[in-house]
Amino acid sequence: MLLVRDSMTQEVVTVAPETTAVEALALCRGNRIRHLPVLQGGRLVGVISDRDLRAATPALGDPARAEALDLIRVADEMARDVATARPEDPIEDAAMAMYERKIGCLPVVDGEDLVGIVTSSDVLRALVRLVGAHKPGSRLEVALPGRSGSLAEVTGIIRDEGVDIVSVLASSEYEDEGGERVAVLRVGTIDPKDVVDSLSAAGYRILWPPPGSGTGPA
Amino acid sequence: MSGRAAFVHDVALEEYGFGGDHPFNPVRLRMTIELCESLGLLEGYPFVEPAPAMDEDLRTVHYTSYVRRVQQAGRGEGDLEELKQYGLGTADNPIFPDVHRACAHVVGGTLVVARLVMNGEAEHALCISGGLHHALPSKASGFCIYNDAAVAIARLKEEHPSIKVAYVDTDVHHGDGVQWMFYDDPDVLTVSMHESGRYLFPGTGAVKEDGQRDGHGYSINLPLEPFTQDDSFIECFEAVVPEALRAFEPDLILSQNGCDAHALDPLAHVSATMRVYEHVPRRVHEIAHELCDGRWVAVGGGGYDIWRVVPRAWTALWAAVSHQELPTEMPEDWLEKWGEDSPVKLPFLTRDEPEDYPPIERAGQIEDRNRRTVEELLERVLPLIS
């Protein structure tokens, strides 16, 4: 679930370097996509986006637009230095590459073959699946002190309470030197009170649920 | 009995509970009934006693394999690891002797209230033990083994083929089980108001869960911010529920009246008071008369401050169901009896005092967020109902 191959689109719409801008834009519109890998002799030679094409043509309403759309070829506007991903890459590597290069997609290649495409919305979907509620559970936020093994201890305490962990997210960054970081867990219970009590007793600071909810009138 | 209200109950329904210090404690049923009795609200309303639901009833929404597992568990048989896969024997849903029979009886209670009202034998009917809305087709979840409301709706659909049922759930937890069981059914409108799943079990109940296929638009979810107070709760209810039900034109309304959105409830983080628990049933009652000749079936649900909240909330519910005034003061004999067991001071009044629940600092921000949720629902989901 967390590899590129699990999140990528396998049916890739591609164009050739000599495809015209008008044809390429029609493909984007028709398939409701924004990026087209460019193949030449089966080999990936570039990527073109609808934005690149629009930027290269006169604005809507300009009489020169229709002619320009017919004249411009994909090869004129495509990015040639293409960042790619491999199917077995972790999805977070793909996310990092897109984020750092400020790009919206990565063609996925296996050797020389184009086998898929992964876009920023695929990455977002993977994130949603990661944090989403697909099994009934309650939110638990725990401050983890900056020492090794604290996450393991937290999950151990939850296990000892006989409660399943539905999902875990833990930041790799600490708030400050020697400080705390936050783990967000979904635990498979409607009543996390015993888990919270045990974690508190072990010295962990609980950020959610809020302390003292339901203890009396304000 | 036409035009009359019915209270469906049997002491056997008080067997459904998990024992020890488990938060789902059937003592709350006893306390509610004795409070109603002590206030004189049950005079002239003999209990209508239900029989347990049959296996065929349960199989309308549950898998046969699951029903067998529950029966095994109740006999002390079955592999514990395997039962856990069915949500049985977990911290939330411990196995207890005869769990199948106890829960089938609860389902029987909800079947009876539904049939009494649909067959015209009662105008409105209440069974406070029902409302086990988290139970899934093959899994126990959130203290719920069998989904009584879903079974009752499924049976009504068989017995009255063109019937349209509106299910209105104001428990603080999302009514996930009932929603999923009718997610593609345009004849069952599910409306759930709950604390946002971002913060609270079960985690679902976002606005965008709005039904699928033919049922697209027939699942309505109104997730509220934690710490929502009465004014915002009631404003959201009024903005969405009457309009949704008017668009749907139900033949019967089944309301789930979990009272765990109360500020005192230990399992959730919404800050409602008894005002909500008087308002909601009174309005559902009015809407039932406006839209479906008064056909209204009410069940209980969650509620884990069993001392200060549940008995008062469900007494107010019964007062609405039976067209009786809710007395102002709690009866002395009741306070004396239950005060001995209660670890907390019991309230002297049937209603909460507003000054005990002043607006919190972030109230404006919370109201705004809830209003945006309502707007999204009104724009995107309600127009899909036809």
Can you tell me how many residues within the range A:132-154 are surrounded by fewer than 18 Cβ atoms within 10 Å (Cβ to Cβ), within 25 Å of the chain's Cα centre (by Cα) and either of a type in the set (A, V, I, L, M, F, W, C) or away from chain B (no Cβ under 11 Å) (or both)?
2
Leading residue by the ranking (nearest to the other protein chains (Cβ to nearest Cβ)) among those in the range B:220-231 that are open to solvent by less than 10 Å² (accessible area, probe 1.4 Å), over 24 Å from B:ILE163 (Cα atoms) and within 18 Å of the chain's Cα centre (by Cα):
B:LEU224
Test for B:ASP185: is it within 14 Å of another protein chain (Cβ to nearest Cβ), in a loop (DSSP other than H, G, I, E, B) and out of contact with any Pro (no Cβ under 9 Å at 6 or more places or on another chain)
no
Scan the range B:61-69 and give yes if some residue there is open to solvent by less than 40 Å² (accessible area, probe 1.4 Å), out of contact with any Phe, Trp or Tyr (no Cβ under 8 Å at 6 or more places or on another chain), β-branched (Val, Ile, Thr) and under 30 Å from B:TRP338 (Cα atoms), otherwise no.
no
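Here is a check on your reading of the model: is B:ALA104 of a type in the set (Gly, Ala, Ser), under 14 Å from B:VAL297 (Cβ atoms) and not in a loop (DSSP other than H, G, I, E, B)?
No; evaluated as a whole, the condition is false for this residue.
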B:ILE360 is checked against (1) open to solvent by less than 10 Å² (accessible area, probe 1.4 Å); (2) within 13 Å of chain A (Cβ to nearest Cβ); (3) farther than 26 Å from B:ILE220 by Cβ; (4) not acidic (Asp, Glu) and fails just one. What number does that condition carry?
(1)
Checked A:SER171, A:SER213 against criteria (at pLDDT below 95, more than 14 Å from every other protein chain (Cβ to nearest Cβ) and open to solvent by less than 70 Å² (accessible area, probe 1.4 Å)); the one match is A:SER171
Have a look at B:GLY203, B:GLY217, B:GLY120 and point out the one that is within 14 Å of another protein chain (Cβ to nearest Cβ), part of a loop (DSSP other than H, G, I, E, B) and at positive phi.
B:GLY203
Residues of the range B:31-69 being part of a helix (DSSP H, G or I), closer than 30 Å to B:TRP307 by Cα and touching a residue at least 24 places away in the same chain (Cβ under 8 Å), which ones?
B:MET31, B:THR32, B:ILE33, B:GLU34, B:LEU35, B:CYS36, B:SER38
Working carefully through the options A:ALA26, A:ALA59, find the one that is outside the structural domain of A:SER167 (by TED's automatic domain parsing), open to solvent by 60 Å² or more (accessible area, probe 1.4 Å) and of a type outside the set (D, E, K, R).
A:ALA59
If a residue counts only when it is modelled with pLDDT of 90 or more and over 30 Å from A:VAL128 (Cβ atoms), which helices (runs of 4 or more DSSP H) contained entirely in the range A:7-117 have at least 3 such residues?
A:21-31, A:74-77
Identify all residues within the range B:75-99 that are within 28 Å of B:LEU156 (Cα to Cα) and assigned to a helix (DSSP H, G or I); write none if there are none.
B:VAL99
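The values are calculated or read from the model by the stated rules, or taken from the named source; none is laboratory data. All of these numbers come straight from a predicted model, not from anything done at the bench. Don't worry about glycine lacking a Cβ; one is built from the backbone with ideal geometry, like all the others, and counts go over all protein chains shown. Side chains included, ligands, DNA and RNA excluded: accessible areas come from the protein's heavy atoms. Shrake-Rupley method; radii C 1.70, N 1.55, O 1.52, S 1.80 Å.
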